[in-house]
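One structure below.
What follows draws every value from the coordinates through simple rules; no lab data is involved. Since this is a predicted model, take the numbers as computed values, not measurements. Counting neighbours? That spans all protein chains shown, and the Cβs are built from the backbone with ideal geometry, glycine included.
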Amino acid sequence: MVRRVVALLLLASAPALAGSSNSLLDVSPDGTRLAVANTDSGTVSVVDLKARKKLAEFPAGDHPEGVAWAGGSGTFLATVYGDDCVRFYDAAKGHTFTLTVDDEPYGIVTTKDGKLAYVTHDYPGTVSEIDVAARKVVRTFPVGPGARGIALSSDEKTLFVTEFHTTRLHAVGRETGKVTDTWGAYESDNLARNVVLHPKRPKAYLSHIRSRVTAFDARGSIFPQLSVCDLWTKPKEEKRRRSIALDTFNNVYVVTNPWEAAVSPDGTRLYTIYAGTDDMNVSKVVDDDYQEFDRIGRAVSVGKHPRAIRTSPDGAEVYVYNTLDYEVSVHDADMKRLAKVSVCSPAHTQEWRRGKELFQSALPPMGGGRGVAWVACSSCHPDGLTDGRTWQNPEGNRKTPNLFALAHTHPLHWSADRDESQDFEYTIRGKLMLGRGLAAGRIKQGKEFEPVALDQTMGGLSKDLDALAIYTNSFPVRLSPHIPAPGKLSESAERGKKLFADAGTKCATCHTGPFYTDSKLEKPFNLHDVGTGADKREKMGPKFDTPTLLGVYRVNSYLHDGRAKTLHEVLTTHNVGDKHGTTNHLKPAEVDDLVAFLKSLPFEPPPERTANTVKDAILELKYPRPEGQK
């Protein structure tokens, strides 16, 4: 339990130093240099904050997501999400070492002396402790699913870790590696990537959204939130956590997708950035345990898609990473811009970059404007992943799918009512986003739930719409962590593979081919009644498109409406009458083996192209890696 004595230590401690909370940015302890993780470009950069210029840029790999200085040593560490490693860099010389770690490393913090680093792993929800000098993982301990945000208390006794999809905050004792306390959240709270601690008060700040799955409307579905957790309270006490609506906080000047926050070293100011509307708030911290903070002026416009914010050690300057400008902007404490520094070259192709700008934005033409700009594509599909929610859509309950392998698995939606990614024009113009759209003129309309998008060719109507399609079709499939090596399966998964392919189970009848789906672009589409479409709210069932099984291991619910919480449930309790394959005759050990195989997908890279692959995609994104690294 986080006790009151810990809170007193927090109050008495000095302000947090470099590396004390996760971010794409980290300021060196002496305030002279800035380390930057360039996620899209696959590099890390070092900025001279006095000269306002980039000193160096080094290759990192597939999606670096966090950086942290190792004390005052001149060394910084970077988590590389897609390559499952932590890379060590000398700020002057570049890459020095690569350490393989658990899957999907995301956030990273370091101790003040730079001797230890702590890394969150989105999947499987663990934290790794790294001996920086020895360059090895000392231990790994479980925390919770979707572990992303991480912060280290000023007394360095406690780690605070957020869960991405639930926004729960866990306190983890550094000595024991065990969760000692948890701050719960509303069921609708979602997508917490970051946690930052107040340097003098026992408070933790979490930027996130609220997903109201019962509403399907731009004004009622998704809202920007900032939660404040009281670290001094005991479990089950009231007022342990407050969730503050950032739309009403801004007098309904709508901001979207809160990404990260920063607290000034003296604890008087809170800075909050919004990645979906390209702006931020500056607030005065209020020491009242009720209001918590008070807005200073209106929201301030920054650059395109801000994803990181840091302050200088003396609090005189604020640094914002505008990731789709590929630059860091430098501001004074009141957010007057002082300079901007280019940190890397633009990523991939111009069309891909434009597609990402549109995908991440809730502003026109994607959203309806400042009065209704709550929803971006990324609000439900963060970086192509799922928001982990089942939405009560007008056509019925629908679980948000991941977008990886989308280029090979058209048609789209569970009901196969769209055959091009450009058909998302219907979503942009619809009730959920209320945007004016990306194509000129009218698009065909039909009766409610009629799949009219299938009757109109949307590709080629607009460069922006095609760019959005390229981006949404370009999310890669990464190998499963549940395999001993690429192309190999565990003994249990090998047995499961045989069961999967057996004519008696019929699993491979629909989940066929390299993407484990019989989806095809030729009409009539392959739709199947697997016994799940009898819900009274269902308007387009009972037949559904076959989802890919690649990456199914990291999904938190299954079937079109998310009714199954585990793969075991898919094969047993939610397969009444053996309509979804013939599995009810399997023994418990055989079900375990079949699940082991499913969790191993993909165990080998799928082909770059099949007969069902669309043309609007970048099929293999290239990321620069240090010499000798694959």
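In a DSSP loop and with at most 12 other Cβ atoms within 10 Å, the trypsin sites (Lys or Arg not before Pro) in segment 275-361 are Arg298, Lys336.
When each of the peptides 35-43, 325-333, 516-524 is scored by how many other beta carbons lie within 10 Å of its residues on average, the order from highest to lowest is 35-43, 325-333, 516-524. In plain terms, if you count all Cα to Cα distances in segment 351-472 and split them into 10 Å steps from zero, the share in each step is 13, 47, 38, 2 percent.
Taking K and R as +1 and D and E as -1, what net charge do the other residues with C-beta under 13 Å from the C-beta of Asn393 add up to? Surrounding charge for Asn393 is 0. Pairwise Cα distances in segment 418-573 exceed 22 Å in 56 percent of cases.
Taking a ≥ b ≥ c as the square roots of the eigenvalues of the Cα gyration tensor of the chain, is the shape rounded (a/c under 1.5), prolate (a/b larger than b/c) or oblate?
Details: a/c = 1.57, a/b = 1.38, b/c = 1.14.
Prolate is the answer for the chain, as a/c is 1.5 or above and a/b outweighs b/c.
Ordered by the count of other Cβ atoms within 10 Å of each Cβ, fewest first, Met433, Met335 give Met335, Met433.
Sorted largest first, the spans of the alpha carbon positions of segment 537-594 along the three principal axes are 37, 27, 17 Å. Each residue of segment 57-66 was assigned a 3J(HN,Hα) from its phi angle through the Karplus expression (A = 6.51, B = -1.76, C = 1.60, θ = phi - 60°), giving 9, 10, x, 10, x, 7, 6, x, 10, x Hz with x at Gly and Pro.
Taking the fewest neighbouring Cβ atoms within 10 Å as the starting point, the ordered list for Glu608, Glu420 is Glu608, Glu420. Charges were assigned to the Cβ only: +1 to each Lys and Arg, -1 to each Asp and Glu. The resulting dipole of segment 491-599 about its Cα centre is roughly 260 debye.
With a Förster radius of 60 Å applied to the beta-carbon distance between Ser342 and Glu491, the computed FRET efficiency rounds to 0.70. Among Val213, Val286, Val179, the ranking by other beta carbons within 10 Å of each residue's beta carbon, starting with the fewest, stands as Val286, Val179, Val213. Distance between the 7 Å Cα→Cβ label points at Thr457 and Arg139: 6.3 nm. Mean residue ellipticity at 222 nm, helices only, the chain: -3000 deg cm²/dmol; runs of at least 4 DSSP H residues each add -39,500 (n - 2.57), and the sum is divided by the number of residues. Counting only the Cα atoms, segment 468-522 fills a convex hull of 104 Å³ per residue.
Can you give me the convex hull volume of the Cα atoms of segment 528-630, divided per residue and expressed in Å³?
In segment 528-630, the Cα hull volume divided by residue count equals 167 Å³.
Since only Gln456, Val372, Leu406 are under comparison, the one whose Cα sits farthest along the positive direction of the charge dipole of segment 351-472, derived from C-beta charges on Lys, Arg, Asp and Glu, is Val372.
Using 1/(1 + (r/R0)^6) with R0 = 30 angstrom and r between the beta carbons of Asp383 and Lys615, what's the FRET efficiency to the nearest 0.05? Don't jump to the answer; show the numbers that get you there.
Working: r = 23 Å, r/R0 = 0.77.
Here the calculated transfer efficiency is 0.85.
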